[in-house]
Amino acid sequence: MRYGEVAHFSHPQHRLRLEHHDTPFRCDGCREVGIGARFRCPHPGCDHDLHRQCALPLSPPPPPLRHPFYPRCAFAFLARAPGAPGSRYCNACGRDVAGYVYHCRACGFDLHPCCAALPHALDAGGGVRLYLHPDSKAGVACHRCGHRGRSWSYRSHCRSFSLHVACVMDMLVESWHGVGRHKGVYDGGLVVPGAGGCRVPAIRGAAKSVHASRGGYASWGRKKGKVKRCCEIAGFAGQVVISAVLGDPTALIAGVIGSLIAL
């Protein structure tokens, strides 16, 4: 077996190779979008992709996942959630479970593989770190929607920035709904350097801020100095959170995300 290759039950005819591309894909395991690193079939015409977090075997089954937000739960990795299609949702982001999932049989909680692997701390630059928090109505209002308690969220320690994981998923679904359904066709998108000239759909709504619309500190260019710096940090923080939700929380992918945000 070559380094960076796996045999996987979802695609038994060929091995999958760990590759990195700056174009989005739809994971054939969890059915959610991703970008950056992925396990991909190298054979022409197969077009089979998996998040790294989804490229797990079922035999032998991986050990149960333990998550600090659910200390009493033991999450089993399943190729399909129990129950009827559309009856389960991820307790991290609120979206339906359509494929691979971590499921706790005792409590009934579900987590998308990428949501289960979300880093508990992210470096947003400028000395700012973002920390993952469970949903809480007593938390900080989301930078994008202005509400509390909708889903897990990333917040700065100074409480000046917060972004729901669910809001990130909404942006991606609205902007990349055709990814993986019309392979290689990205009409009206942006050309990403290093992506072979491929046009990638812009991520719309990522620059939206309820603070800006209410005349708060994020009034985008109306104020100077410290306020401008806060805006810059908030903008990059959003890029970092989006890259983490997509399964590749690296500075490189955060930069690619920044190039895809439609202002």
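The values are calculated or read from the model by the stated rules, or taken from the named source; none is laboratory data. Worth saying up front: this structure is predicted, and the values here are computed from it rather than measured. No Cβ is skipped: glycine too gets one built from the backbone with ideal geometry, and neighbour counts run over all protein chains shown. Ligands, DNA and RNA are excluded from the accessible area calculation, which covers all protein heavy atoms including side chains. Shrake-Rupley method; radii C 1.70, N 1.55, O 1.52, S 1.80 Å.
Data table
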{"item": "For segment 52-69, Karplus couplings with θ = phi - 60° (6.51, -1.76, 1.60), whole Hz, Gly/Pro x", "result": "4, 6, 9, 7, 9, x, 9, 9, x, x, x, x, x, 8, 10, 10, x, 6"}
{"item": "Viscosity 1.567 mPa s, 4 °C: Kirkwood-radius Stokes-Einstein D of segment 5-117 over Cα pairs, µm²/s", "result": "89 µm²/s"}
{"item": "Cα centroid of segment 35-56 to Cα centroid of segment 63-93, whole Å", "result": "22 Å"}
{"item": "Förster-model FRET efficiency, 25 Å R0, residue 173 and residue 107, C-beta, rounded to 0.05", "result": "0.40"}
{"item": "Accessible-area composition of segment 5-117, carbon plus sulfur, in percent [1.4 Å probe]", "result": "54 percent"}
{"item": "Solvent accessible area, Å² - residue 100, 1.4 Å probe, full protein context", "result": "10 Å²"}
{"item": "Distance in nm between pseudo-label sites at residue 98 and residue 259 (7 Å out along the Cβ direction from Cα)", "result": "2.7 nm"}
{"item": "Residues of segment 5-117: accessible area per residue with a 1.4 Å probe, Å²", "result": "47 Å²"}
{"item": "Residues in segment 26-54 reached by a label modelled at residue 5 [backbone nitrogen below 14 Å; 7 Å Cα→Cβ]", "result": "40-44"}
{"item": "Kirkwood Rh and Cα Rg combined as Rg/Rh, segment 121-177", "result": "0.99"}
{"item": "Inter-label distance for residue 70 and residue 158, nm, one decimal - labels placed 7 Å from Cα along Cα-to-Cβ", "result": "3.5 nm"}
{"item": "Relative contact order computed over segment 1-104 (Cα-Cα under 8 Å; 6+ residues apart), in percent", "result": "20 percent"}
